[in-house]
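Report on the structure given below.
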Amino acid sequence: MILFEFKLISLLFLIIASTNGFEEYKGYKIYEIIPSSVTQSNILYKISLKNEEIDMLTLTKLPNVPARALVPPKHQQKFENDLISNGITFRLINSNVSNSIFYNNFHNFFKRATRQHILEDYYRYNEINSFLKDLAERFPERVSVKKVGDSYEGRAINAITITNGKNSLTSKNVIFIDAGIHAREWIAPSTALYIIYQLVEKFDENKHLLENYDWIVIPLVNVDGYEYTHKSQRFWRKTRKPSSAICYGTDGNRNFDFHWGEQGASSLPCQETFKGEKAFSEPETQIVRDILLSLTGRGKMYLTLHSYGNLLLYPWGYTSALPENWKDLDEVCKAGSNAIKLSTGTNYRVGSSTNVLYAAAGGSDDYALGVAKIPIAVTMELPSGGSGFDPKPSQIRKMVTEAWIGIKAMAEKVIEKY
Ligand SMILES: [Zn+2]
């Protein structure tokens, strides 16, 4: 009996360990680095550019804002030496990434059976689709769900349109939201699902947001990458189309055709920020493009959800120059950050992408403003959890309800202005 139980536990251990990149990250470490000046940030940025295997999980230009790097074993010594020789402070925040992935898998494995709500767990691709389908069935006058295309691996990508059921789908203005273009940023699709939940299930509380506006949401853009982070590599960021003979994936948020490839986007197919072999090389970015272009004139706000960093960013991402309407963009983002600050005390920084982060051409927000002429285009970097991209399921509720406060305030400002 004891032997049987032992075998069962061993089998369970193997099943859990074999999922989600337990092996992939053996010996990997996550460093937190605190550049004390813009010069030190620049040095760190250059160190990361020189070595394509160093994955900067987050890095801003702002002094004293902690950056994080995921570093494979063979580069750790050199990385530490480079930091020390430049006088840059760092500490290890995760000395065994594969172990923490194992514990997360362990937690998820037992949690699956009891999952109840979008606020309690990360939904898989199929669960997200069921969530949308259920709403469309229960609220047919106000909700429609449409497949807007297929991913590279052939998964349907769905968009939900939410209205108040009156004079919709023709003349009203539109707020368009997407999430999950970067696969590992799991809190982003969770936030999108919560926005949908608020607009549909809590219609009475939010009907002013749907009076003169329809909302379109794609809660998961990079469906292939997202499933891959659940099944194989937790920190996968890109799409899943082969990018060369040996590497996979393009950075969806460097693949849009507006100053494509100019700055902060890599031409190397194995890099995390690979821009693609051409603009819109990925079916997933083509889908977002087509919706953005269909909304020229009606589209007043485009919000793209990412993690992490507690930031509300607006164009341009390709240059440090500001767009003509930057004051409007700034005003809307500040409405969001102020509402969050007032409600929970959490700080969200506001600014143009290039001035807060590093230049990154080919982003969807730049395309929305520059080509589709949607006046308010915002990238929201949600909070971090765990080593950055893996907030515990118990943290989802706080993060997404807080984000909704900011998103609602931004939408109200947009509705007031346009
Ligand atoms: Zn992202």
Quiz item: In nm, to one decimal, how far is the Ser244 label point from the Lys341 one, both placed 7 Å along Cα→Cβ?
Solution: 4.4
Quiz item: On alpha-carbon atoms, Rg over Rh for region 348-418 using Kirkwood Rh?
Solution: 1.02
Quiz prompt | Charge context of Leu92, other residues only, Cβ under 10 angstrom, K/R +1, D/E -1 | solution = 0
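Under a Cβ-Cβ cut-off of 14 Å, what is the net charge of the residues other than Tyr302 that fall near it, where Lys and Arg count +1 and Asp and Glu count -1? List each step's numbers first, then the result.
Working: positive: Arg289, Arg298, Lys300, Lys373; negative: Asp178, Asp214, Asp290, Asp328, Asp365, Asp366.
With Lys, Arg at +1 and Asp, Glu at -1, the neighbours total -2.
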Practice problem: Please report, in debye to the nearest 20, how large the charge dipole of the chain is about its Cα centre when each Lys and Arg carries +1 at its beta carbon and each Asp and Glu carries -1 there. | Solution: 360
Practice problem: Among His208, His182, His259, determine the one that fluctuates most according to a GNM of the chain built with springs between C-alpha atoms less than 10 Å apart. | Solution: His208
Quiz item: Hey, in the chain, which Cys have no second cysteine's beta-carbon closer than 4.7 Å?
Solution: Cys333
Quiz item: So who's got an amide H within less than 5 Å of the one on Gly149, skipping anything under 5 residues away but keeping other chains? H placed 1.01 Å off N, in plane.
Solution: Ile157
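Report the local net charge at Thr346: Lys and Arg +1, Asp and Glu -1, summed over other residues whose C-beta lies under 13 Å from its C-beta. Write down the numbers at each step before the final one.
Details: positive: Lys341, Arg349, Lys398; negative: Glu381, Glu402.
That works out to +1.
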Quiz prompt | GNM result for the chain, Cα springs below 10 Å: residue of Ala361, Ala136, Ala245 fluctuating most strongly | solution = Ala245
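Set the Förster distance to 35 Å, then compute FRET efficiency between Lys147 and Lys74 from the Cβ-Cβ distance, nearest 0.05.
0.20
For region 335-389, calculate the relative contact order in percent as a whole number, restricting contacts to Cα pairs under 8 Å that are 6 or more residues apart.
Computed value for region 335-389: 16 percent relative contact order.
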Practice problem: Using label points projected 7 Å from each Cα along Cα→Cβ, tell me how many nm separate Glu412 and Lys50, to one decimal. | Solution: 5.0
Quiz item: From the phi of every residue in region 379-389, what ³J(HN,Hα) in whole Hz does the Karplus formula 6.51 cos²θ - 1.76 cosθ + 1.60 yield, where θ is phi - 60° and glycine or proline is x?
Solution: 9, 9, 9, 6, x, 9, x, x, 7, x, 8
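Please report the relative contact order for the chain, taking Cα pairs under 8 Å with a sequence separation of at least 6, and give it as a percent rounded to a whole number. Present the calculation step by step, with values, prior to reporting the outcome.
Values: 863 pairs, mean separation 67.2, N = 418.
Normalised by residue count, the contact order of the chain is 16 percent.
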Quiz item: In nanometres, what is the gap between the two model label sites at Asn99 and Asn325, each 7 Å from Cα along Cα-to-Cβ?
Solution: 5.1
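At 1.4 Å probe size, put Cys247, Cys270, Cys333 in order of accessible surface, largest to smallest. Could you put the intermediate results ahead of the total?
Values: Cys247 25, Cys270 45, Cys333 0 Å².
Final ranking, largest accessible area leading: Cys270, Cys247, Cys333.
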Quiz item: What aspartates and glutamates could a cross-link reach from Lys241, if we take a straight Cα to Cα line under 18 Å and drop same-chain neighbours fewer than 8 places away?
Solution: Asp150, Glu153, Asp224, Glu227, Asp251, Glu272, Glu277, Glu282, Glu284
Quiz item: Which of these, Asp257, Asp178, Asp134, has the largest mean-square fluctuation under a Gaussian network model of the chain (Cα springs below 10 Å)?
Solution: Asp134
Exercise. At 1.4 Å probe size, with every protein chain present, just tell me what the per residue accessible area of the chain comes to in Å².
Key: 42
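Counting each DSSP H run of 4 or more residues in the chain as -39500 (n - 2.57), what helix-only mean residue ellipticity at 222 nm follows after dividing by all residues, to the nearest 500 deg cm²/dmol? Before the final figure, lay out each step's value.
Numbers: 13 runs with 166 residues, N = 418.
Computed mean residue ellipticity for the chain: -12500 deg cm²/dmol.
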Quiz item: Residues in region 147-177 near a label at Arg298, defined as backbone nitrogen under 14 Å from the 7 Å Cα→Cβ point?
Solution: 160-177
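Contact order normalised by length for region 17-108, with contacts defined as Cα pairs under 8 Å and 6 or more residues apart; what percent is it? List each step's numbers first, then the result.
On the way: 148 pairs, mean separation 41.5, N = 92.
Once divided by the residue count of region 17-108, the mean separation gives 45 percent.
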Practice problem: Give the distance, in whole Å, between the Cα centre of region 309-354 and the Cα centre of region 401-418. | Solution: 13
Quiz item: Calculated FRET efficiency, Ser130 and Arg349, Cβ-Cβ r, R0 30 Å, to nearest 0.05?
Solution: 0.25
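If the limit is 25 Å between Cα atoms, which of Lys29/Lys398; Lys341/Lys398; Lys207/Lys417; Lys29/Lys78 go over it? Don't skip to the end; give the middle numbers.
Values: Lys29/Lys398 27 Å; Lys341/Lys398 14 Å; Lys207/Lys417 18 Å; Lys29/Lys78 13 Å.
From Lys29/Lys398; Lys341/Lys398; Lys207/Lys417; Lys29/Lys78, over 25 Å: Lys29/Lys398.
The values are calculated or read from the model by the stated rules, or taken from the named source; none is laboratory data. It should be emphasised that the depicted structure is a prediction, and the values quoted were computed from it without experimental measurement. Backbone-built Cβ (ideal geometry, glycine too); neighbour counts: all protein chains shown. The protein model used for the area step is the full one, side chains on, heavy atoms only, and it has no ligands, DNA or RNA in it. Shrake-Rupley method; radii C 1.70, N 1.55, O 1.52, S 1.80 Å.
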